[in-house]
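Here it is, the structure in full.
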Amino acid sequence: MATAFADITFTPSVKAAQSLYGSREANSRFELADDPGIGLTEPEIEFIGERDSFYQATVSEFGWPYVQHRGGPEGFLKVLDAHTIGFADFRGNRQYLSIGNLNFNDRISMILMDYPNRRRLKLWGRVRIVHESEDPALVSQLAVPAYRARVERGIVIDVKAIEWNCPQHITPRYSKAELSYLINPLLEEIAALKAQLAASNDASKP
Ligand SMILES: Cc1cc2nc3c(=O)[nH]c(=O)nc-3n(C[C@H](O)[C@H](O)[C@H](O)COP(=O)(O)O)c2cc1C
């Protein structure tokens, strides 16, 4: 049985490229799996809940891919069940490129990055756009109460495939909060040492 990942991504043209460049056999392991690997399990659920941003790709009517960066407070991308994730689409620049694309083609591809731990998760899904008038309970489930941004709609993603990517070439990067967590003990130590030094300088004065 093929993994859902291979079912979606291994098109005839992709397989031809694998054959041309000699990796067809190595990649066939994705087509001979015991489990299609569609549902989100504990590691994915935890990983998704910790994200404060992701990149999403949609496809335009003209066939152009369009990649947008989405951000919000940590956990704004929510797991609704083992096959469904979603987020509140906050009011932004009102160009509606992704929404317009999704109204035409509901397919989405996402990459979620964890730079400090050099991990990345790829997801493919089909999107349902939900307005408050249609399902207020669902839109309020996706909202982030502490975040002062206007929710225009909910984006609900029926997850069709997932794939963990290798850590290669991910440069560890840290957010301000992550840096503070690492640096604060050092700053406290420096302050204590400075105080100690000042006290011993005082004590040595005649
Ligand atoms: C006032 C303002 C607020 C924004 N807030 C967010 C936000 O909370 N999250 C986010 O990912 N992008 C935010 N953006 C930038 C968005 O990427 C963008 O406005 C919008 O979502 C565009 O989507 P599109 O490129 O698919 O049309 C904001 C932009 C503006 C001008």
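Would you mind telling me the share, in percent, of accessible area of segment 50-206 contributed by carbon and sulfur at probe 1.4 angstrom? Can you show the working numbers first?
On the way: 5390 of 10010 Å².
Carbon and sulfur atoms account for 54 percent of the accessible area of segment 50-206.
With N denoting the number of residues in the chain, provide Rg(C-alpha) divided by 2.2 N^0.38 Å, to two decimal places.
Numbers: Rg = 23.0 Å, N = 206, 2.2 N^0.38 = 16.7 Å.
Output field value: 1.38.
On to the next question. Within the chain, which complete DSSP H helices have Cα atoms spanning at least 20 Å along the helix axis and a mean Kyte-Doolittle hydropathy of -1.0 or higher?
Numbers: long enough: 176-204 (40 Å, 0.23).
Passing helices, by number: 176-204.
So, for the chain, what is the accessible surface per residue at a probe of 1.4 Å, expressed in square angstrom? Write out the running numbers ahead of the final one.
On the way: 13060 Å² over 206 residues.
Each residue of the chain exposes 63 Å² on average to a 1.4 Å probe.
Note down the accessible area of Asp7, probe 1.4 Å, to the nearest 10 Å².
110 Å²
Place the peptides 153-160, 55-62, 91-98 in order of packing, highest mean first, counting for every residue the other Cβ atoms within 10 Å and averaging per peptide.
Details: 153-160: 20.9, 55-62: 15.5, 91-98: 11.2.
The most tightly packed comes first, giving 153-160, 55-62, 91-98.
Still on this structure: Could you give the dipole magnitude of the chain about its Cα centre, charging the beta-carbon of Lys and Arg +1 and that of Asp and Glu -1, in debye to the nearest 20?
Working: 23 positive and 26 negative charges, 153 e Å.
Its charge dipole is roughly 740 debye.
How far apart, in nm, are two points set 7 Å out from the Cα along the Cα-to-Cβ line at Ile170 and at Tyr66?
Each label point is offset 7 Å from its Cα along the Cβ direction, giving 2.8 nm.
Put +1 on the Cβ of each Lys and Arg and -1 on the Cβ of each Asp and Glu in the chain; which of Leu20, Ala177, Phe62 then has its Cα farthest toward the positive end of the dipole?
Projecting each Cα onto the dipole axis, the largest value belongs to Phe62.
Going by average Cβ neighbours within 10 Å, how do the peptides 108-121, 170-183 rank, with the highest at the top? Mind dumping the intermediate values first?
Values: 108-121: 17.3, 170-183: 11.1.
Result, highest mean first: 108-121, 170-183.
Expressed as a rounded percentage, what relative contact order does the chain have, with Cα pairs under 8 Å and six or more residues apart?
So the answer I get is 20 percent.
Further question: Report the paramagnetic label zone for Glu25: residues of segment 1-19 whose backbone N is under 16 Å from a point 7 Å from Cα along the Cα-to-Cβ axis.
18-19
Same structure, new question: Based on the mean of other beta carbon atoms within 10 Å per residue, what is the order of 77-90, 184-197, most packed first?
On the way: 77-90: 18.7, 184-197: 9.9.
Going by the mean number of other Cβ atoms within 10 Å, highest first, we get 77-90, 184-197.
The values are calculated or read from the model by the stated rules, or taken from the named source; none is laboratory data. Quick caveat: nothing in here was measured; it's all calculated off a predicted structure. Cβ: placed from backbone, ideal geometry, glycine included. Neighbour counts: every protein chain shown. Calculation scope for accessible area: heavy atoms of the full protein, side chains included, ligands and nucleic acids excluded. Shrake-Rupley method; radii C 1.70, N 1.55, O 1.52, S 1.80 Å.
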